[in-house]
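Enquirer: I'd like to ask you about the structure that follows.
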Amino acid sequence: MSAALELVDEQGADALSMRSLAQRLGSGTATLYRHFANRAELVAMVVDTMIGEVTFDASATWDDACTSFAQNMFEALGRHGNAARLLIGQVPLGPNAVHQRELLLAVLLDSGFAPQTAAHIYATVSRYILGFAMQVAGSTTAEQHDAEVSAAFHRLDPARYPATVAVADELPVPLAAEFSFGLRLMMAGLTATRSQ
């Protein structure tokens, strides 16, 4: 599956097909159809291969486990930016995904969260990761774009936009920093809700 993931990394999610993978492997498509019934099964295995790169400490506290899972998944999707599109509209059910989901849900349940809350936490964190990963994948020239946006904020009239000008040195916030900040807020909110 590493060849299929490399193909997605290099050429994008839409380039993944039985034919393109067979060409990369130097085999025929009939050979691949012995292993995968269709493109959807191939995509599922590519996604699961990428998810298999993600590790986190399931013996940590629930918030540290969630944070570690989220950061490591975000980094994996950063390494395989084109793979994020493959996750849209599907729930990963490969062995790596099922194993990770089980570990994180067990941490949440063992920490006293009700089943419904644990499921919601897992789903929300997963969607949060994917949303940011899609933005990172779409911003290939982030540094240049950020410099242009920053310059535009600095050119604003301070009489009309005093608040924006006051924070112009901090804008735009890099996506990785925004991801980490939002994740900390999410964990703090869950902690506060849990203690009520």
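Enquirer: As a test of the definition: which semi-axes, in Å, follow for the chain when you take the square root of five times each eigenvalue of its alpha carbon gyration tensor? Largest first, please. Spell out each step's value before the answer.
Expert: Details: eigenvalues 240, 149, 24 Å².
Equivalent ellipsoid semi-axes, largest first: 35, 27, 11 Å.
Enquirer: Each residue of region 86-95 in order: what ³J(HN,Hα) in whole Hz does its phi give by Karplus 6.51 cos²θ - 1.76 cosθ + 1.60, θ = phi - 60°, with x for Gly and Pro?
Expert: 5, 8, 5, x, 9, 9, x, 10, x, x
Enquirer: Could I ask something else about it? Around LEU16, which amide H atoms from residues at least 5 apart in sequence, or from another chain, sit under 5 Å from its own amide H, with H modelled in the peptide plane?
Expert: Those lying under 5 Å, H to H, from LEU16: there are none.
Enquirer: When you count, for each residue, the other Cβ atoms within 10 Å and take the mean per peptide, how do 100-106, 23-29 rank with the highest first? It would help to have the intermediate numbers written out before the result.
Expert: Working: 100-106: 17.4, 23-29: 11.9.
Peptide ranking by packing, descending: 100-106, 23-29.
Enquirer: A follow-up question, please. Counting only helical runs of four or more DSSP H residues, what would the 222 nm mean residue ellipticity of the chain come to if each run contributes -39,500 (n - 2.57) and the total is spread over all its residues?
Expert: Details: 10 runs with 133 residues, N = 196.
Theoretical 222 nm ellipticity from helices: -21500 deg cm²/dmol.
Enquirer: Let me check the size of region 1-72 from its C-alpha atoms; what are the radius of gyration and Dmax in Å?
Expert: Expressed in Å, the Cα Rg and Dmax of region 1-72 come to 15.8, 48.
Enquirer: Hey, another quick one. How large, in Å, is region 86-162 by the Kirkwood hydrodynamic radius built from its alpha-carbon pairs? Could you put the intermediate results ahead of the total?
Expert: On the way: mean 1/r = 0.0626 Å⁻¹.
Radius from the Kirkwood sum: 16.0 Å.
Every read-out reported here was derived from the displayed coordinates using simple, explicitly stated rules and does not represent laboratory data. Owing to the predicted nature of the structure, the values given are computational and were not obtained by experimental measurement. Note: ideal-geometry Cβ built from the backbone for every residue, glycine included; neighbour counts use all protein chains shown.
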